[in-house]
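Below is one structure, written out as structure tokens, with a few remarks after it.
Just so it is clear, none of the values below were taken in a lab; they were calculated from the coordinates. On a predicted model such as this, the values are computed, not experimentally measured, just so you know. Every residue, glycine as well, gets a Cβ built from its backbone with ideal geometry; the counts of neighbours run over all protein chains shown.
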Amino acid sequence: MVKKKRLRLIAEMARKIRAYRELKSRPRDSQKFALDYETMRRPLTGKMLPVLAWQDVRRESRLFSLLAGMRMFGVGRLFTRKSWLEDHTEPSYWQITKVKVDYTSENMDHGKAWGILTYKGKQEGEVKEVDKVMYHDWRLVPKHMEQQLKDFEPLPEPPVRYTPYPPLLRAMMLAQHKKSLGSVLAEEPALPLKRDIVLNKDYFRKQEQEEQRTEGTAV
Amino acid sequence: MAASVLKRCVTAAVKVKCLSPSVSVRRWLLSAAYTDTKVWEAREKDPQNLAVLATIMDRTYDRNLPVSSLTVSRFVDNISSREEVDQAEYYLYKFRHSPNCWYLRNWTIHSWIRQCLKYGAREKALHTLKNKVQYGIFPDDFTFNLLIESYIKDGDFKSACSVVEEVMLQEAFDLPSTQILSLYALGSYLATRPQLTMSEERALGASLLICGLKQDNTVGLSAQLVGNALLGKVEMLKGIHAVFKGMPLFWGHGYLGRAMAVMERAASADVKLSKDTLDYVNNLLQELSSTSDTDSSGEESAGEEDKKEDVVDEDDQAEQAKLPQYVARFTELSSQLESQGKVDSASFQALVTALAQENLAAAEKPDVEQYESQVQAWEAERRQLNQREKEMREKAEQERQERLAAKAAAQQA
């Protein structure tokens, strides 16, 4: 048998204390995302920003640089990103609902924000955290332009097209249907050309459960 | 100082009603009822010792605990001299850089501006307003009106325009009284024909544009025209990014084009444009074309500088190429407006004063009523905060007593 492992309680406690101290001394947003504009380096890690971003970093501003100078930190206002303006013709914007600013930053330049995204004219339902807050990419939508952005009606999505199944698969499907139900399938099985399935862990777990149910406890 | 101001207001109030032709003498726009401190002074006083509050706040900050907004509001309310204004500024700065910065109350900001005006620290108020990022001073519309009015009263139109610039940055031109006051300040400032740097021109143009968008009459359209023209000038000289960075402005090119669109709108609608604004835009365009001519002639000598800059976008260059078109369009449209009789020979300043005399009294009344109800709401909130603080203190005291009793009992046993 293996020799019984010694109970090293003090080492355990030291491990916990070290983990706690590491948690406490995490760099704040203002330290993590501070930038030296001359050398384009982050002082915390010493890494340089990618070259394609340099022009944007010099010309545009971060989201919180805009929010810091607004009443109630811009809650309820719309903000776009320059990359969205360039890439898509349909308007995309965030409407800010909640702001948590990092008060240790010098010009209240960093923090986290939450809001409702409208991407390419389609508004999403729930409040999400605004990502890429620290990117130098953000533009405030002035109040006289807000209505113009909101008025945009996205084109309705074209209806999903269907194609017939490949012949062997179709034959297999019809045979299985005949075997399980006894009747001939009335309509042609059609393959939808667009699947709205998000491939994540839940989906695969559900698939496994269904397979187990159909197989039964044979194994 | 407040008493003498009040006396002047009261004696002038009589003069305000009768429309005197000597408009240039009278400088007070808002009536005495608006700038009256009666409602504000009628709040219940909460006398506190400033030194005690200061030590409490210092100790709380040292222990890394959050300071409540109630403490800061008490400090600002109990200011009684000019030095204490400076101390309050320091504590406002510290509060802004604490976790509770979002909770700075509206009545604290209003009280701060009132106290600054009372103790003659107007420059301090303007300084904190300009550095609103560091101090967290975001006044509401009524407070902005008071501040602009105090500057207009003393004829300091430059500072009044800087306050209007702050209003523009907050896009707070909702009340008609604010619009009239800001247009008056901007018009008076422009009438003095000042020498403007590029950033001042940008700020002035933006304020004129955003304020003018709210009014649909001669004054509004003329303001929009001058605003668009000034912003177009900055766009021509520095590029579009220099125009909208840090300002609530649209990022599309062609501000001069939008200025021409305003003129077209005036030509088609039933609105006139003021003559001196048209002259101003004319001068501006002539200046721009002459500078662009000298630029293009001296280009070979400045070749190496171009390589270093290298940032002038193709879009900006396309804009600069359109300048002669804009000049031609402007002359065409202005002659069209003159032939249609849509050019108002009164100056912008006179138009704004006339507008103020007509509309300001009507605009003030709902403001004053809303202010009174708002003061009541603030008082209720303050009382509720006081109550909550007292309850929490009692609870903490109770818990402390229990803990002490438990410890004593444990020690005895």
Check your understanding: Taking the alpha-carbon centroid of each part, what is the distance from the range A:165-219 to the range B:343-368 in angstrom?
Key -> 75
Practice item. In whole angstrom, note down how far apart the Cα centers of the range A:2-78 and the range B:170-246 are. Key: 40
**Study point:** Packing-based exposure ordering (other Cβ within 10 Å, fewest first) of B:T108, A:T214, B:T218
**Key:** A:T214, B:T218, B:T108
Study note, to complete from the structure: Sorting B:Q374, B:A356, A:S83 by the position of each Cα along the dipole of the protein assembly as shown (Lys, Arg +1; Asp, Glu -1; all at Cβ), the one nearest the positive end of that ordering is B:Q374
Review point. From the Cα gyration tensor of the range A:33-87, with a ≥ b ≥ c the square roots of its eigenvalues, which class applies: rounded if a/c is under 1.5, or else prolate if a/b is larger than b/c, or else oblate?
Key: oblate
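For chain A, which longest stretch is free of loop sites, where a loop site is one of the GluC sites (Glu not before Pro) that DSSP puts outside H, G, I, E and B and that has at most 12 other Cβ atoms within 10 Å? Kindly include the intermediate steps, with their values, before the conclusion.
Values: sites that count: A:E38, A:E106, A:E124, A:E126, A:E187.
In short, A:39-105.
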**Study point:** Residue exposure sequence - B:D77, B:D293, B:D36 - by fewest surrounding Cβ within 10 Å
**Key:** B:D293, B:D36, B:D77
**Study point:** aspartates and glutamates whose Cα lies under 20 Å from that of A:K206, excluding same-chain neighbours fewer than 8 positions away
**Key:** A:D196, A:E215
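Given a Förster distance of 30 angstrom, what is the FRET efficiency for A:D87 paired with A:K32, based on the Cβ-Cβ distance and rounded to 0.05?
On the way: r = 27 Å, r/R0 = 0.90.
Efficiency for this residue pair is about 0.65.
Give, as a single signed number, the net charge of other residues whose beta carbon lies under 11 Å from the beta carbon of A:H88, with Lys and Arg counted +1 and Asp and Glu -1.
Details: positive: A:R81, A:K120; negative: A:E86, A:D87, A:E90.
Charge balance near A:H88 sits at -1.
Within the set A:K82/B:K322; A:K47/B:K245; B:K130/B:K158; B:K38/B:K118; A:K100/B:K245; A:K32/A:K132, which residue pairs have Cα atoms separated by over 21 Å?
Details: A:K82/B:K322 25 Å; A:K47/B:K245 27 Å; B:K130/B:K158 14 Å; B:K38/B:K118 13 Å; A:K100/B:K245 23 Å; A:K32/A:K132 13 Å.
Violating the 21 Å limit, Cα to Cα: A:K82/B:K322; A:K47/B:K245; A:K100/B:K245.
Around B:N78, with a cut-off of 11 angstrom between Cβ atoms, what is the net charge of the other residues, counting Lys and Arg +1 and Asp and Glu -1? Mind showing how you got there, number by number?
Numbers: positive: B:K45, B:R74; negative: B:D46, B:D77, B:E84.
In short, -1.
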Revision key, fill the gap. Most fluctuating of B:V52, B:V281, B:V226 in the GNM of chain B (C-alpha, under 10 Å) is B:V52
Practice item. Count the net charge of all other residues whose Cβ sits under 11 Å from the Cβ of B:L209, scoring Lys and Arg as +1 and Asp and Glu as -1. Key: +3
Review point. If each of B:E372 and A:Y119 carries a label point 7 Å out from its Cα toward its Cβ, how far apart are those two points in nm?
Key: 5.3
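Need one word for the range A:1-127: rounded, prolate or oblate. Basis is the Cα gyration tensor (sqrt eigenvalues a ≥ b ≥ c); a/c below 1.5 gives rounded, then a/b vs b/c decides. Display every interim value, and only then the final one.
On the way: a/c = 2.34, a/b = 1.89, b/c = 1.24.
Prolate is the answer for the range A:1-127, as a/c is 1.5 or above and a/b outweighs b/c.
Sort the protein assembly as shown into rounded, prolate or oblate with this rule: let a ≥ b ≥ c be the square roots of the eigenvalues of the Cα gyration tensor; rounded if a/c is under 1.5, and if a/c is not under 1.5, prolate when a/b is larger than b/c, oblate otherwise. Can you show the working numbers first?
Values: a/c = 2.00, a/b = 1.21, b/c = 1.66.
Oblate, since a/c reaches 1.5 and b/c is not below a/b.
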**Study point:** Added length on full extension, which subtracts the Cα-Cα distance from 0.36 nm per residue, B:Y90 to B:S335
**Key:** 82.5 nm
